Amino acid sequence: MKVEAMAGEARLGLFTACMVTGGIASSVSNIFFGWLSDISVRRGGGRRRWVLGGIAAIALSFLAVAEASEPLALILAVVAVQIAVNMLLAPLIAIMADEIPDSQKGLTGGLLALSFPLAAAASARLVGVAGLGEDGRLGLVVLAIGLATVPLLATRPRMLDAPPPVPGEAAMLRRDLAIAWAARILMQVAANVLSTYLFYYFETVSDAAVDQLAARVGHVLTVAFLVPVPIALLIGRISDQLRRRKPFLLATAAGAVAGLVVMALSNDPRISALAFFFYSAGSQAFMALHSAFAMQLLPNPNHRGRDLGLLNLTNTLPALLGPLLTWQLATPGNFSTALLALALLNGIGGMLILAVRGRR
């Protein structure tokens, strides 16, 4: 909304500049603050101080967004927001790896999956509140972040005892983490493409008017956000009880592949929508369980924040890779080749999990 008011017809260029620079800032700052929180743990200070600093930094960065009155100022303010958010998120995710037992990490991954539809619903509702104004919306977001985060800061750190080192295990886990990183990035490329180009895909299988199609795609996305949540929670809990992640990662990846293949072959918007729900359930459940799995693969408890920051690149690099692949393989009238290529990438990502040897 602010970009449109500021740039008018040039809004797409300014918005893209904000997204690209913000994405780069997010990637670098997540690794940086994860590393700084590692140092704090080694010195006995813990990670919670960084989370608290992140809340304060977010408030200041939102003030910069509110005060920005020209394009360059807005771009710099968005960069500041991304740095501040990752100042909070990087140590927060590392706290989960430090303090949540492996027997509860699957459920934790499912709860992480729940955070995305909740955030999307809250954001949509916030934007829809009439008369609130830009400053009011930004202020409520900061308030919500504080209310959601402060209860954690009030708890004492409960670091898990590190198991005694096994000869050669650290090297094997580093290799396993690299494999898991590759698997996740292959899955995330498809997720990025579909979240960005879903409307254009449905234009190729539907003859509805543009305004009708936009509303229908909005409904499809809403359902696709909600369907995976109970599935991710259930699979995460079962994997905790069985102490096995790999079979469920393979199964969810296979479900995502099946959904993509059906979407590629379908000419019926209803079948395409059902296939997208199937894909979304498999993909998001895979991502949720993968988060738990990756926490168990961290080779050194002294570098969990840094290593999770490197893993976070799988959330940002696909934003660059996905559009390039789509530009090469899709046309305005046909997404089949692109979708089959994404299915292949997802299949490879799922199969890579079999190469992980250090954990089940």
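The values are calculated or read from the model by the stated rules, or taken from the named source; none is laboratory data. Computed from a prediction, not measured in an experiment: that's the story for all the values here. Cβ atoms come from the backbone with ideal geometry, glycine included; neighbour counts cover every protein chain shown.
Annotations for the structure displayed:
- Selection count, the range 26-53, where residues are free of Cβ contacts under 8 Å to residues at least 60 places away in the same chain and either part of a helix (DSSP H, G or I) or of a type in the set (Val, Ile, Thr) (or both): 6
- Within the option set Leu88, Leu74, being surrounded by 22 or more Cβ atoms within 10 Å (Cβ to Cβ), on the phi < 0 side of the Ramachandran plot and assigned to a helix (DSSP H, G or I) holds for one residue only, Leu74.
- With respect to the conditions (1) within 29 Å of Leu297 (Cα to Cα); (2) among the small types (Gly, Ala, Ser); (3) part of a loop (DSSP other than H, G, I, E, B); (4) in contact with a helix residue (DSSP H, G or I) (Cβ under 9 Å, 6 or more places away or on another chain), Ser69 lacks only one, and its number is (1).
- For the range 240-257, the criterion of being of a type in the set (Val, Ile, Thr) and either in contact with a Ser or Thr (Cβ under 8 Å, 6 or more places away or on another chain) or touching a residue at least 24 places away in the same chain (Cβ under 8 Å) (or both) is met by at least one residue.
- Residue check for Pro151: modelled with pLDDT under 90 and not basic (Lys, Arg): no
- Per the listing Ser115, Ser123, the residue uniquely free of Cβ contacts under 8 Å to residues at least 24 places away in the same chain and within 26 Å of Phe248 (Cα to Cα) is Ser115.
- Yes/no for Gly133 being of a type outside the set (Lys, Arg) and at positive phi: yes
- Qualifying position, being more than 27 Å from Ala120 (Cα to Cα), basic (Lys, Arg) and in the same structural domain as Ser266 (by TED's automatic domain parsing), among Arg184, Arg216, Arg175, Arg158: Arg175
- Contacts under 8 angstrom Cβ, first residue in the range 6-22 being over 20 Å from Thr316 (Cβ atoms), partner exposed (fewer than 14 other Cβ atoms within 10 Å of the Cβ), 6 or more apart: Met6/Ser69; Met6/Glu70; Ala7/Gly13; Arg11/Glu4
- Residue match in the range 112-132 (condition: more than 19 Å from Leu221 (Cα to Cα), at pLDDT 80 or above and part of a helix (DSSP H, G or I)): no
- Restricting the range 147-161 to residues that are of a type in the set (Val, Ile, Thr) and in a helix (DSSP H, G or I), the residue that is nearest to Asp102 (Cα to Cα): Thr149
- The range 115-146: number of residues that are loosely packed, with under 12 Cβ neighbours inside 10 Å and β-branched (Val, Ile, Thr): 2
- Test: Val141 is out of contact with any His (no Cβ under 7 Å at 6 or more places or on another chain), modelled with pLDDT of 80 or more, closer than 27 Å to Ser195 by Cα and not acidic (Asp, Glu): yes
- Note on the range 225-247: residues that are of a type in the set (A, V, I, L, M, F, W, C) and over 19 Å from the mean Cα position of the chain (by Cα) total 3.
- Every residue from the range 242-282 that is modelled with pLDDT of 85 or more, more than 19 Å from Arg184 (Cβ to Cβ) and not aliphatic (A, V, I, L, M): Ser266, Asn267, Asp268, Pro269, Arg270, Ser272, Phe276, Phe277, Phe278
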